[in-house]
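Some notes on the structure that comes next.
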């Protein structure tokens, strides 16, 4: 450990600095913590050396102390370590600079043009996480001029994270100039989310690289420009199945962002395609489709989904029942769902029967009372009361002796109300 002239004139500091070179890593770690009693300007260089220690605990101690110092003392000294050959050093230094946030920006901007490409790349990454518009001009210059792809990708991604429309012209140039960077550039444009950028992306929906088309579709969904719906739907027939699913998602995301019903324009293909590409483990798609159902799509859309409930997850079927429960033309299809294997679907279907004519649904309610199936039978009990279904009394009397306390209590209350 190199001892500075300051330490040489301060015996206590010199003693602690000497311990930073001790064989015992615990001794070195405590020496790092003991540096805190001195002025930041006296200890910063020792901490920079300690953060490169071979022992993790010593590095972490140095990181803790460095983060308490004024960033203007540290950033310029930390930046070159982003190019360290040791990944553990690079990572801990990057973490400190990220935590410094805006205070690190002025020291990181020159690093975008450092001779070491790793320093340039990590500087761009950190500036993207900081999210300050002050970094945009430097990142644009780096993205346009750097000859190392990894650095350009980091600069492009950082511009997307910052989200300034000031970066759009740079991103357009890179997208048109470099085929290898179209995916990352399209994603960055989408993250910026400027509606005017949608028209640029729409022109590239027919790119000969399907991965680029995928990125463009995703970006259009993220931007959420309602004017993009037409271009996306027209593109549906010209892409393979994997991209059709992405088109569906983008259209649904636009509908969600703009509070627009995208299923009610007479385009049956979209509903059919959503059903075809459905994965019952896909919570995001379920949320998007459920939102569309909450906007009360027309009869034909609801019927299409109800005809394909075997392909849909329970959460979506519940949303579907709630959307369809006031359309008398769909009563038989909802009655069929009272026998669904999922209790919550069956429960919701039974509850919804109060909206229909008693004569059309009473047999379904009575059947569920007779079967005594857990949660659904409680819904059947409640529905029989709301429908004033006197025919249910014998079955309710039987249920009032049920071993299940919840069912028994609901049946007794129903008998009293009927």
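Quick check on my filter: what residues within segment 323-337 are over 13 Å from residue 264 (Cβ atoms) and touching a helix residue (DSSP H, G or I) at 6+ places or on another chain (Cβ under 7 Å)?
324, 325, 326, 327, 329, 330, 331, 333, 334, 335, 337
Are any of the residues in segment 27-43 over 18 Å from residue 12 (Cβ atoms) and exposed (fewer than 14 other Cβ atoms within 10 Å of the Cβ)?
No, segment 27-43 contains no residue that is over 18 Å from residue 12 (Cβ atoms) and exposed (fewer than 14 other Cβ atoms within 10 Å of the Cβ).
Restricting to segment 167-198, and then to whatever is surrounded by 16 or more Cβ atoms within 10 Å (Cβ to Cβ) and not in a helix (DSSP H, G or I), can you tell me which residue is farthest from the chain's Cα centre (by Cα)?
Among them, the one singled out is 194.
Please note which helices (runs of 4 or more DSSP H) are completely contained in segment 228-318 and include at least 2 residues that are farther than 28 Å from residue 201 by Cα.
283-294, 299-306
Select, from 298, 310, the only residue that is without any contact (Cβ under 8 Å) to a residue 12 or more places away in the chain and within 29 Å of residue 239 (Cβ to Cβ).
310
List, please: which pairs have Cβ atoms under 6 Å, are six or more places apart or on different chains, and start with a residue in segment 51-77 that is outside the structural domain of residue 127 (by TED's automatic domain parsing) and end with one that is part of a loop (DSSP other than H, G, I, E, B)?
59/51; 59/53; 62/51
Among the residues of segment 392-411, write down those that are part of a loop (DSSP other than H, G, I, E, B) and more than 24 Å from residue 358 (Cα to Cα).
401, 402, 403, 404
Check whether at least one residue in segment 169-178 is within 17 Å of residue 250 (Cα to Cα) and touching a helix residue (DSSP H, G or I) at 6+ places or on another chain (Cβ under 9 Å), and report yes or no.
Within segment 169-178, not a single residue is within 17 Å of residue 250 (Cα to Cα) and touching a helix residue (DSSP H, G or I) at 6+ places or on another chain (Cβ under 9 Å).
For residue 225, all conditions in the list (1) more than 23 Å from the chain's Cα centre (by Cα); (2) part of a loop (DSSP other than H, G, I, E, B) hold save one; what is the number of the exception?
Residue 225 satisfies every listed condition except (1).
Does residue 354 meet the test of being part of a helix (DSSP H, G or I) and buried (at least 19 other Cβ atoms within 10 Å of the Cβ)?
Taking the combined requirement at face value, the residue does not satisfy it.
Could you identify the single residue in 331, 345 that is modelled with pLDDT of 95 or more, under 21 Å from residue 299 (Cα atoms) and within 31 Å of the chain's Cα centre (by Cα)?
Step by step, each of 331, 345 is checked, and only 345 is modelled with pLDDT of 95 or more, under 21 Å from residue 299 (Cα atoms) and within 31 Å of the chain's Cα centre (by Cα).
Filter segment 319-328 down to residues that are under 34 Å from the mean Cα position of the chain (by Cα) and in a helix (DSSP H, G or I) and give me whichever is surrounded by the fewest Cβ atoms within 10 Å (Cβ to Cβ).
322
Which one of these is touching a helix residue (DSSP H, G or I) at 6+ places or on another chain (Cβ under 8 Å), farther than 30 Å from residue 168 by Cβ and loosely packed, with under 14 Cβ neighbours inside 10 Å: 72, 76?
Just one listed residue meets the conditions, 72.
The values are calculated or read from the model by the stated rules, or taken from the named source; none is laboratory data. All figures in this text were calculated on a predicted structure; none of them were measured in a lab. Counting neighbours? That spans all protein chains shown, and the Cβs are built from the backbone with ideal geometry, glycine included.
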